[in-house]
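The values are calculated or read from the model by the stated rules, or taken from the named source; none is laboratory data. A quick note: this is a predicted structure, and the numbers were derived from the prediction, not measured. Ideal geometry is used to build each Cβ from the backbone, glycine not excepted, and the neighbour counts take in all protein chains shown. Accessible surface areas use protein heavy atoms only, side chains included; no ligands, DNA or RNA. Shrake-Rupley method; radii C 1.70, N 1.55, O 1.52, S 1.80 Å.
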Amino acid sequence: MRTYRTSTWSPRRLLDRLSQRAARAGDHRRRVNQVLPTHWTQLIAGITTASFVVMLLTRGLLALYFDPSMDSVTYDGPYDNLRGIDMTRAYASVLHITFEVRGGLLFLQLHAWAASLFAGSLLVHLAVLFFTGGFRRPHRPVWTVTVLLLIAGILTAFTGVLLGADMLSDTSLRMISGYILSAPVAGTTLHWIVFGGEFPGTEVIARVYVVHWVLLASLAGLLVLRAVLRRRIGPAQFRGHRRTERTIVGVRLLPGFAARLATVVMATVGVLAIMGGLFQINPAWHYGPGNPAQVSAGSASPWYFGWVDGAVRLFPAWEIELGGYLIPPQFWPAMVFLPVSFLALLLYPRIEQRFSRDRAPHNLLQRPRDVPWRTALGVAVLAGYGCLQLAAAIDVLAYRFDLSADALLLTARVVLLVLPPLAYLATYRLCLGLQRNDRATLQHGLPTGIIKRLPHGGFVEVHQPLGPAALEYRGTPVPKKPNKIGAAGRPVAGSLFSPDPPPPA
């Protein structure tokens, strides 16, 4: 027996459906009409997204020809310098992509440049959030996801370098093997999990390839999560006219902000295409196939991992024995300093909140000069990590400039201890000086360049007041020139191709 359901239409049911659709339309209208700030820092997300899309698409195209196998083959391709040499299938497939696949070298270099730009844009974004206080409540989840994006992005780029199976990537694998073996108790087990036996083993490239794709998928998920969080929490903005904790001054999502974001995305893709076609990066055919018994001379770590290599070089050669286990010196900078650095970056908002006891929500950003201790701390950390980054290239600098590597090593150790405190003090005093300059401008006005002689014979410069009374500094940019406040008059109608109009009679 079949039962048929008849549709019963009633005016009330029709009105209910129309009201539901109207409510949905209202939600979409509010999303489209959302107002976003126009500051340039809001467009960094477009660079990050564009570089990730390029990185994902190029990796998908390269995956059609890449073979992550470590089986040995004899190369018989078109590159004469390596013909007849035994190598892994992974390295042979890289040579095949480079010399035999149409556009293969372009995709290889485009992928490498996109990975570097992705990590660089995340570092710039985190620096902006740090120096402007954009990590405070309620924007702390955005900071956490961005740090996780940075960690996953660096690991993704580094695993992509390891997949080349050339001499340079094999040197990096040898360094990773040494770092893992330096861990007491668990080092041998971890090394077996990663390499499947003695270095280099026969499975590490395939395992790194799987990890590389898992990291790419995690990057996609974290980018979506960050977009959802930013949409739910709302944007932060700098202080200014009519801008409050609840009022945003800017342009609407459509068409103003979307047009700017689309321009940034297209410009990023275009610049990456130019760099991939004109600027060489990671020439694997010059390095040759990886060999466990050899190390590539004059090599350095990628820029996003150079600070770890520099820390290993500068750390004193202290061997500590604990519980019958000898801990080599490279364990502390490689296996301890690396995760502690990322953990400190991840937990910094909570650490600052603990000391400042500021738990109020903040949608207005701070100028770096207004929080001098945080700005000085950030500059000191950047100076320290910059020293580590340069220390990673000591052998290259010694060779290029004909210097002593030992002298450079000793100099780098001294600079690492001296430069961060000096950078902190200099930045702190600079921030205080900028604050005094802003307050002096608000109190006395703008210098006009007009010199006036006083009755007793002295000379002073005439200042133009910004208001009828001295103004109070509230964290907004202060004009420094008269034309910033319209004191120089409005521009006339003339241009480069038409003369100025005659003055009125």
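Can you tell me which residue within region 364-416, out of those that are assigned to a loop (DSSP other than H, G, I, E, B) and of a type outside the set (Gly, Ala, Ser), is least open to solvent (accessible area, probe 1.4 Å)?
Here the residue is Val371.
Report yes if Ala407 is among the small types (Gly, Ala, Ser), at pLDDT below 90 and farther than 22 Å from Leu377 by Cβ, otherwise no.
no
Kindly provide the set of residues from region 113-141 that are crowded, with 22+ Cβ neighbours inside 10 Å, in a helix (DSSP H, G or I) and more than 14 Å from the chain's Cα centre (by Cα), ordered by number.
Passing the criteria: only Thr132.
Would you mind telling me which numbered condition in (1) in a helix (DSSP H, G or I); (2) out of contact with any helix residue (DSSP H, G or I) (no Cβ under 8 Å at 6 or more places or on another chain); (3) surrounded by fewer than 18 Cβ atoms within 10 Å (Cβ to Cβ) Thr247 fails?
Every condition holds for Thr247 apart from (1).
State yes or no: is Thr58 within 30 Å of Trp113 (Cα to Cα), modelled with pLDDT of 90 or more and open to solvent by less than 40 Å² (accessible area, probe 1.4 Å)?
yes
Find the residue count for region 201-251, including only residues that are within 22 Å of Asp170 (Cβ to Cβ) and either hydrophobic (A, V, I, L, M, F, W, C) or in contact (Cβ under 8 Å) with a residue 24 or more places away in the chain (or both).
Selection size over region 201-251: 13.
Restricting the first residue to region 257-276 and requiring it to be over 20 Å from Pro37 (Cα atoms), which pairs with a second residue that is open to solvent by 50 Å² or more (accessible area, probe 1.4 Å) meet a Cβ separation below 7 Å and a spacing of at least six or different chains?
As it stands, the answer is Thr268/Ile47; Leu272/Trp113; Leu272/Leu117; Met275/Trp113; Gly276/Leu106; Gly276/Trp113, since those pairs meet every condition given.
Are any of the residues in region 432-440 free of Cβ contacts under 8 Å to residues at least 24 places away in the same chain, among the basic types (Lys, Arg), out of contact with any His (no Cβ under 8 Å at 6 or more places or on another chain) and part of a helix (DSSP H, G or I)?
yes
Is it the case that some residue within region 190-204 is aliphatic (A, V, I, L, M), touching a Leu at 6+ places or on another chain (Cβ under 8 Å), open to solvent by less than 30 Å² (accessible area, probe 1.4 Å) and assigned to a helix (DSSP H, G or I)?
Checked region 190-204: at least one residue is aliphatic (A, V, I, L, M), touching a Leu at 6+ places or on another chain (Cβ under 8 Å), open to solvent by less than 30 Å² (accessible area, probe 1.4 Å) and assigned to a helix (DSSP H, G or I).
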